[in-house]
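What follows is a set of notes on a single structure, which appears directly below.
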Amino acid sequence: MGKKLERVMKGDRSATSATSHDTSDVDEPYSCTGDFEADYTELCNRAGLMEIPKVVPRPHRPGPPPPPDPKSATPMSQRESCKSARSTRMEKVEEPTSPVPSEQEEPPPTTYTTSDKFDYFKPKVQVELEKPEDKKSMTEVYIRGWKVDQKYIDIFKQCFPAADKLHTIDFWNVGLTDNTLAQFAAVASQCLNLRTVKLDGNPVPGEGFHQLIGEDSMIVSMSLRSCKITDKGAELIGKALSTAKTRNQSLCALNLNSNMITDAGACYIANGLRMNRTLLVLSIANNAIGDEAAKKFGEVLSRFSLTHEEVVERRKVLSEKGAPDVRRSPISRRAESRDRPGSQSSRSQLDKSMAKSGRASSKAKKDKKEDDKKGKGKDDKWKKEPQRGASKANSLGFTSELQTETLGKASKGKGRQSGGKKGQGAGSITEAETPDILEIINPLLEEAERVDGELLIPGNRALINLNISRNRIGEAGLKSLLKGIQYQITLTTLGSRSGGTGLMRLSVQKNSFPLNHESYLKMQELMMTRDPLYKPPSKTPDEESTSQATGS
């Protein structure tokens, strides 16, 4: 009896020690390795989730089937085989035949893929890998139609930043809340290569989507379709795009289709385009925008007057731009003073200093000759001068055209110097000589014009694609948009492209004006030639002959 009790006690002690060991392992913090599937599964197990959505590769539409091999069967042989098959059928009509199983089974279809019953509706995390054999090369994440609550957000907080190549996150209809959206924005800021965020179908009560496009955001494309964004959210997004003092410098595409934005909210977004020169594509189709917002967009696209806050900020920027010039050429009071001539002692000191400088210059000349023999010297110094000039231009707020011209000249000189060296390919020289410099011009530094006591500057010409179709814009708003386009075309014809090329595509169809309206037809005619995908109609032979005759 005593031995049995001892065995039972030993078993209990070993079990308790094992369980304590397991709990100690779970309590240890987990460091993600970059393998999303392994990290995600481990963190879900540690969080105590009973049903874990699987990580699966994102399905793709199958490609087209390969073309038939012409050598396998010619049309004549196919016809002969069909004739022989018909004759054999006619001969064997009266004989009862039993079904013969085919030796070769039919290949699976190539136009679609099949899955198990209800497998399509199960929650999954779809991923895209850059290299299928490399689990750490995840580039895209897609979650569709199941709720991402606080537990999953806590897991993604650790998984997403560890994925170095992640550049796209698509959460469609995942039931985000104000809290989870704020935490997702914090996670997105930690993903260094994240460039595309899609949160379609996620209505959030607080409408805090502006947290994703702050001043330090690196997101390039964001889609917020069907998120029930009202004028409140549009105001926050407009202020995130730009104010008099801050502006977003990374977002290039913004999609706000199918929301609840009215004239007031669209005016806030238009105000966000006043000082923003980064956004290229804006879509606010299928909302409730009317003539008031269309007039605001037309004003922002042509030219607009600066507010008091913007005028004050403009003066600050101009003063800061002029400050380096003063520091660069300081005026010495001693140089301007008219003192008596120096005494004999000062002359002797001057002679000593001149003698020292003479010896130093002779030594420098000798060093220079030796460096010239070795292939070194002043050339190495001048190789670094353009970069210093470029950084100085950045500090003074010069335009990118000036930098490009200066660096181009420097790179040409550099190319001539390095051309004599052997063993260097042209590709390596080009890569080393072409610095990647991108400067965004401050709109407040553009040339202003004073009219009736107001300071006017050219409008936004960085936006190239604007979609405001399926709204409530009437004839008045249409005319304002037409004036803005005409103003941009006038600046372009005059050769002023410092602020951009202007709109290249404008979608205004399905609004509250007839399609045969004069302003709409004129707008279509103007925008047709500005569309980069526009192809002029081909000339008929008669037109070509007449044009050649008139040319000759």
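For the condition at pLDDT 95 or above, surrounded by 12 or more Cβ atoms within 10 Å (Cβ to Cβ) and part of a helix (DSSP H, G or I), what is the one hit in Leu444, Leu481?
Unique residue meeting the criteria: Leu481.
Considering only residues that are open to solvent by 50 Å² or more (accessible area, probe 1.4 Å) and either more than 14 Å from Ile229 (Cβ to Cβ) or not in a loop (DSSP other than H, G, I, E, B) (or both), which ones fall in the stretch 265-290?
Listed by number, the residues that qualify are Tyr268, Asn271, Leu280, Val281.
Would you point out the residue of the stretch 458-477, among those that are closer than 16 Å to Ile489 by Cα and more than 21 Å from the chain's Cα centre (by Cα), that is least open to solvent (accessible area, probe 1.4 Å)?
Out of the qualifying residues, it is Gly459.
Could you look through the stretch 484-503, keep only residues that are hydrophobic (A, V, I, L, M, F, W, C) and surrounded by fewer than 18 Cβ atoms within 10 Å (Cβ to Cβ), and pick out the one that is nearest to Ala294 (Cα to Cα)?
Ile489
Restricting to the stretch 139-153, give me the number of residues that are open to solvent by 60 Å² or more (accessible area, probe 1.4 Å) and closer than 15 Å to Asn45 by Cα.
1
Which one is most open to solvent (accessible area, probe 1.4 Å), of the residues in the stretch 215-256 that are touching a residue at least 60 places away in the same chain (Cβ under 8 Å) and over 18 Å from Ala185 (Cα atoms)?
Filtering first and then ranking leaves Lys245.
I'm checking my understanding of the structure. Among residues of the stretch 154-175 that are closer than 20 Å to Leu129 by Cα, in contact with a Gly (Cβ under 9 Å, 6 or more places away or on another chain) and of a type in the set (A, V, I, L, M), which one is surrounded by the most Cβ atoms within 10 Å (Cβ to Cβ)?
Ranking the candidates gives Ala163 first.
Can you pull out the residues in the stretch 192-209 that are within 16 Å of the chain's Cα centre (by Cα) and open to solvent by 10 Å² or more (accessible area, probe 1.4 Å)?
Leu192, Asn193, Arg195, Thr196, Lys198
For the stretch 115-123, does any single residue satisfy the condition of being out of contact with any Leu (no Cβ under 6 Å at 6 or more places or on another chain) and either surrounded by 16 or more Cβ atoms within 10 Å (Cβ to Cβ) or at pLDDT 90 or above (or both)?
So far as the stretch 115-123 goes, yes, one or more of its residues are out of contact with any Leu (no Cβ under 6 Å at 6 or more places or on another chain) and either surrounded by 16 or more Cβ atoms within 10 Å (Cβ to Cβ) or at pLDDT 90 or above (or both).
List every residue pair whose Cβ atoms lie under 6 Å apart, where the two residues are 6 or more positions apart in sequence or sit on different chains, the first residue falls within the stretch 279-298 and is on the phi > 0 side of the Ramachandran plot, and the second residue, located anywhere, is part of a loop (DSSP other than H, G, I, E, B) and open to solvent by 10 Å² or more (accessible area, probe 1.4 Å).
Asn286/Asn257; Asn286/Ser258; Asn286/Arg470
For Arg314, work out the one condition from (1) at pLDDT 95 or above; (2) part of a helix (DSSP H, G or I) it doesn't fulfil.
It fails just one condition, (1).
On the basis of being farther than 15 Å from Gly265 by Cα and in contact (Cβ under 8 Å) with a residue 24 or more places away in the chain, does Cys191 make the cut?
Yes, satisfied.
The values are calculated or read from the model by the stated rules, or taken from the named source; none is laboratory data. If you're wondering where the values come from, they're calculated on a predicted model, not measured in any experiment. Every residue, glycine as well, gets a Cβ built from its backbone with ideal geometry; the counts of neighbours run over all protein chains shown. SASA here: full protein model, heavy atoms, side chains in, ligands and nucleic acids out. Shrake-Rupley method; radii C 1.70, N 1.55, O 1.52, S 1.80 Å.
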